[in-house]
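Chemist: Before I ask anything, let me first share the structure, which is written out below as structure tokens.
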Amino acid sequence: MQKKYFFFDIDGTLSVGQTMVMPESAVRCLEQLRANGHFTALATGRLQASAARFAAQHSFTDFVADGGYSLTLGGKIVEMKSLPAADCIALIDRLETAGIPWAVTPVNERICVTTDKRYLDAAPPEYFPTRYDPAFDYRTLQVLYKVNIACTAEQECNIDFGSLPTVRYNRDILLVEPTEKQNGIRRMVERLGIPNEDVVIFGDGTNDVCMFGQGWFSIAMGNARDALKRMADYVTDPVDQDGLWNACRHFGWI
């Protein structure tokens, strides 16, 4: 059997929605892929520390996280860079002027910090814990991994993000985070000497579009965005309907 190198998005691909809970068939699929000698890795927009938590639960030692800005190999961080801090600080200045609540992740830990109590009401309970600190000085930050903005899609249209990339987390929260997962995968492929023709990508969301059309075999989940399905080499069933298992069985990888 030809060895394949799999890169999986987490939310909506391995796990049901943003629950971080994998269907039993997906767990079995990963076990069988590894037993058959295949390489399995994550490719996620989540913070490295958040991805590491999920990775440890499901026996991943290699992953692209931070939307392509970090690489973890053999359980150790080998690359990790910040968003452009000066651009993020300028954005937060504009949010402050507009009276729009925000929070930031300034360290590689599952935490957000805000100086605006109003953000606490909008903070998703399943996301990072949020700490309110009125003395926090965001203008001194030199490293910054995420900016969370409490705004609707309508409000978003009136915000000047400059060149910063954004991903909508839910109806009320917009994330400023890297959207270059394809670049992280390419750097890992180069580090490990992986042939492009043996790379397989699984995804479902808009932040997975960047991974498709890169010369790798791409599979969209049945619950994926339509735009991603149109780009995919193959569309499987939804994540909660054995999509992972069915695709891997279809191609004889398990």
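The values are calculated or read from the model by the stated rules, or taken from the named source; none is laboratory data. Since the model is a prediction, treat every value here as computed from it, not as a measurement. Because the Cβ atoms are built from the backbone with ideal geometry, glycine has one as well, and the counts that use them run over all protein chains shown.
Chemist: Any idea which of (1) of a type outside the set (A, V, I, L, M); (2) crowded, with 16+ Cβ neighbours inside 10 Å; (3) modelled with pLDDT of 95 or more is the one T61 doesn't satisfy?
Modeler: Result: T61 passes all but (2).
Chemist: Something else now. Quick check: anything in the stretch 45-57 among the hydroxyl-bearing types (S, T, Y), part of a loop (DSSP other than H, G, I, E, B) and either within 22 Å of D204 (Cα to Cα) or outside the structural domain of E126 (by TED's automatic domain parsing) (or both)?
Modeler: First pass over the stretch 45-57, keeping only residues among the hydroxyl-bearing types (S, T, Y): 50.
Checking the rest, the ones that are also part of a loop (DSSP other than H, G, I, E, B) come to none.
No - not one qualifying residue is present in the stretch 45-57.
Chemist: Show the residue pairs that are 6+ apart or on different chains and have beta-carbon atoms under 7 Å apart, the first residue being within the stretch 125-143 and touching a residue at least 24 places away in the same chain (Cβ under 8 Å), the second being polar (S, T, N, Q).
Modeler: Going by the 7 Å Cβ cut-off, the qualifying pairs are E126/Q18; F128/T105; T130/T114; V143/S82.
Chemist: I've got another one for you. Please enumerate the residues belonging to the stretch 88-132 that are surrounded by 15 or more Cβ atoms within 10 Å (Cβ to Cβ) and closer than 16 Å to D66 by Cβ.
Modeler: C88, V104, T105, P106, N108, R110, I111, C112, Y127, F128
Chemist: May I pose another question? Could you tell me which numbered condition G37 fails, if it satisfies all but one of (1) in a helix (DSSP H, G or I); (2) on the phi > 0 side of the Ramachandran plot?
Modeler: In the conditions (1) in a helix (DSSP H, G or I); (2) on the phi > 0 side of the Ramachandran plot, G37 misses (1) alone.
Chemist: What number of residues within the stretch 52-79 are over 11 Å from F8 (Cβ atoms), small (G, A, S) and touching a strand residue (DSSP E or B) at 6+ places or on another chain (Cβ under 9 Å)?
Modeler: The qualifying residues number 6.
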